[in-house]
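First the structure, in the form of structure tokens, and then the observations on it.
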Amino acid sequence: MRVAITGITGLLARNLLFEILKFYLNDNSDLEIIAFGRSSESFPLKKRIATLLKNDGIDYVSSGVDGFSSEMLSKNIIPIEFDLSKPNLGISGQDLVTLKNKPIDFFFHLAAISDFRPAVATKEKLVKLNIEGTNRVLELASQLKIGEFVFTGTAYSYGTEKGVIRPDTINLSDKFRNFYEESKLLAENRVRQFCKANHIKFRSHRPVGICGRLIEEKIGSICKYDTFYAWAQFLLRQKMKAVKDKKNVYSEQLSMPLRVLCDPEAFLNSVPADYAAKLLWALSYYNDSGQSYHLANEHEIKNDTYLRIMLKELGISGVEFVNKIPEDMNKTEKLYYKSVGRIYTPYLLENNIRFYTDNLKDFRKKHGIACPPMNEANFGKLIGFAKENHFGLEIS
Ligand SMILES: NC(=O)c1ccc[n+]([C@@H]2O[C@H](COP(=O)([O-])OP(=O)(O)OC[C@H]3O[C@@H](n4cnc5c(N)ncnc54)[C@H](OP(=O)(O)O)[C@@H]3O)[C@@H](O)[C@H]2O)c1
């Protein structure tokens, strides 16, 4: 089995890597995972992969099983340095030989940037990486023998549709909440056309916002704090400026007058990273007859419920939900609507949609893959992990 994954250091890609390593834990003699990624300023790609296996992967892969080390998990991984923005993805001649020397059963293209900001520079970056970068990945794919190409778009490519949202609708002339959503749809459409023209089997996934793990250890684990976490991160950052002793940043109560434009009766749909990874892998491995899927949760949580959980956990009072942006904004509100509020508000007002997942029902039943419901208890576990890690902020 030879699998390629782009963006290996990312949230979903690393969980997919862990899922495949777990799947082959007892017999991995025939497993090769080509891990496309980047070196960081401080660490080469190989070291980044070793670190994520040690700090996160070992819990997922071998929790409850003795005798496994992260070094042992590394031996099936071939790191390949690549950059979406470079001609030929910046892949070395030697790595190209490695890629071409055997067919790849499944090629998962997950690397992308998720930047929702409206700036022109952001749009340019989204074009360069999500659209042109995907084109470069397809140019590479055309030189390789690939059994199945798997693309990950976004559930929010549905634009302005209402009601039941299908996972294969493509309406390029629709209005989007931001250019990120549009860039993902344009890229998905391009991949569909490419696979059709080149007779390559194609599968597409559209995830909703991805949250921490709720099936595999460590429960709550997540490597970045965007989507709903970013909302809490904003409040925590403001609170840190106000508390006397940062050690008490959660226990000290703070009143923060902030009017948040939000529909408290609307719902958040968030999918745990491990459940998404299990579906991603199993649908390809067991060769499900479908092609397009939502990676979404059947159990949504009301805005009013989860936002209040976050406020309680952060020890913040004084936040009100309102139905229009206040005209007489205070300092915190000005900052909120310039930053996280600007990005997150359209999602806090989104109602009357349901992501269609019925095409997964029989498959999930047959393979015993159940989605942890997004209820108060599970949401609390996610926030528990995020708090341990201060929502990605430095507390000193
Ligand atoms: N997370 C969500 O809630 C969500 C929701 C819907 C859809 N999706 C889609 O699902 C996929 C995975 O998302 P994710 O949130 O797991 O991703 P992520 O955590 O943001 O990771 C993105 C990955 O892409 C890599 N990358 C960024 N710029 C690159 C470049 N110029 N060259 C090469 N690699 C580059 C990053 O590498 P570095 O680590 O080196 O930066 C990282 O490995 C994406 O296609 C995303 O659009 C995600």
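The values are calculated or read from the model by the stated rules, or taken from the named source; none is laboratory data. These figures come from a predicted structure and were not determined experimentally. Methodologically, a virtual Cβ is constructed for each residue, glycine included, from the backbone with ideal geometry; neighbour enumeration extends over all protein chains shown.
For the stretch 9-55, what are the residues that are farther than 27 Å from Gly368 by Cβ, in a loop (DSSP other than H, G, I, E, B) and near the ligand (Cβ under 9 Å from one of its atoms)?
Of everything in the stretch 9-55, those that are farther than 27 Å from Gly368 by Cβ, in a loop (DSSP other than H, G, I, E, B) and near the ligand (Cβ under 9 Å from one of its atoms) turn out to be Thr9, Arg38, Ser39, Ser40.
For Asp168, indicate whether it is within 16 Å of the ligand (Cβ to nearest atom), within 29 Å of Asn359 (Cβ to Cβ) and among the charged types (D, E, K, R).
Details: within 16 Å of the ligand (Cβ to nearest atom): yes; within 29 Å of Asn359 (Cβ to Cβ): yes; among the charged types (D, E, K, R): yes.
In short, yes.
Of all residues in the stretch 265-284, count the ones that are touching a Lys or Arg at 6+ places or on another chain (Cβ under 7 Å) and in a loop (DSSP other than H, G, I, E, B). Can you show your working first?
As a first pass, look at the stretch 265-284 and keep what is touching a Lys or Arg at 6+ places or on another chain (Cβ under 7 Å): 265, 267, 272-274, 283-284.
Retained after the next criterion (residues that are in a loop (DSSP other than H, G, I, E, B)): 265.
Looking only at that region, the number is 1.
Arg136 - would you say it is modelled with pLDDT of 95 or more and of a type outside the set (S, T, N, Q)?
Numbers: modelled with pLDDT of 95 or more: yes; of a type outside the set (S, T, N, Q): yes.
When the stated conditions are applied, Arg136 passes them.
If you go through the stretch 126-150, how many residues are surrounded by 22 or more Cβ atoms within 10 Å (Cβ to Cβ) and more than 19 Å from Asn88 (Cα to Cα)?
Matching residues across the stretch 126-150 total 1.
Looking at Ser85, Ser69 in this structure, which one is out of contact with any Lys or Arg (no Cβ under 7 Å at 6 or more places or on another chain) and assigned by TED's automatic domain parsing to the domain that holds Tyr286?
Working: Ser85 fails: out of contact with any Lys or Arg (no Cβ under 7 Å at 6 or more places or on another chain).
Checking each option against the conditions leaves just Ser69.
Only helices (runs of 4 or more DSSP H) wholly contained in the stretch 288-396 count here; list those with 2 or more residues that are closer than 24 Å to Tyr158 by Cβ.
Helices (runs of 4 or more DSSP H) meeting the threshold: 303-314, 340-348, 361-367.
Going by the structure shown, is Asn178 polar (S, T, N, Q) and within 15 Å of the ligand (Cβ to nearest atom)?
Values: polar (S, T, N, Q): yes; within 15 Å of the ligand (Cβ to nearest atom): yes.
Yes, satisfied.
Assigned by TED's automatic domain parsing to the domain that holds Pro257, surrounded by fewer than 23 Cβ atoms within 10 Å (Cβ to Cβ) and at negative phi, is that true of Arg192?
Answer is no for this residue.
Go through the stretch 92-122 and count every residue that is within 27 Å of Thr154 (Cα to Cα) and within 15 Å of the ligand (Cβ to nearest atom).
Residues of the stretch 92-122 that are within 27 Å of Thr154 (Cα to Cα), as a first pass: 104-122.
Retained after the next criterion (residues that are within 15 Å of the ligand (Cβ to nearest atom)): 107-117, 121-122.
Qualifying residue count for the region: 13.
I'm checking my understanding of the structure. Among residues of the stretch 126-155 that are in contact (Cβ under 8 Å) with a residue 60 or more places away in the chain and touching a helix residue (DSSP H, G or I) at 6+ places or on another chain (Cβ under 8 Å), which one is farthest from the ligand (Cβ to nearest atom)?
Here the answer is Glu148.
For every residue, the table says whether it meets (1) at pLDDT below 95; (2) assigned to a loop (DSSP other than H, G, I, E, B); (3) of a type in the set (Val, Ile, Thr); (4) more than 13 Å from the ligand (Cβ to nearest atom).
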residue: Glu188; (1), (2), (3), (4): no, no, no, no
residue: Lys196; (1), (2), (3), (4): no, no, no, yes
residue: His205; (1), (2), (3), (4): no, no, no, no
residue: Glu216; (1), (2), (3), (4): no, yes, no, yes
residue: Ile219; (1), (2), (3), (4): no, yes, yes, yes
residue: Tyr229; (1), (2), (3), (4): no, no, no, no
residue: Lys239; (1), (2), (3), (4): no, no, no, yes
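Of everything in the stretch 109-125 that's within 14 Å of the chain's Cα centre (by Cα) and farther than 13 Å from Tyr180 by Cβ, which residue is surrounded by the fewest Cβ atoms within 10 Å (Cβ to Cβ)? Full working, then the answer.
Quick first cut of the stretch 109-125, residues within 14 Å of the chain's Cα centre (by Cα) only: 109-116.
Now drop any that are not farther than 13 Å from Tyr180 by Cβ, which leaves 109-111.
Values: His109: 24, Leu110: 21, Ala111: 25.
Selected residue: Leu110.
Taking Lys75 and the conditions (1) more than 27 Å from Ala141 (Cβ to Cβ); (2) modelled with pLDDT under 95, which numbered condition does it fall short on, given that it satisfies the others?
(1)
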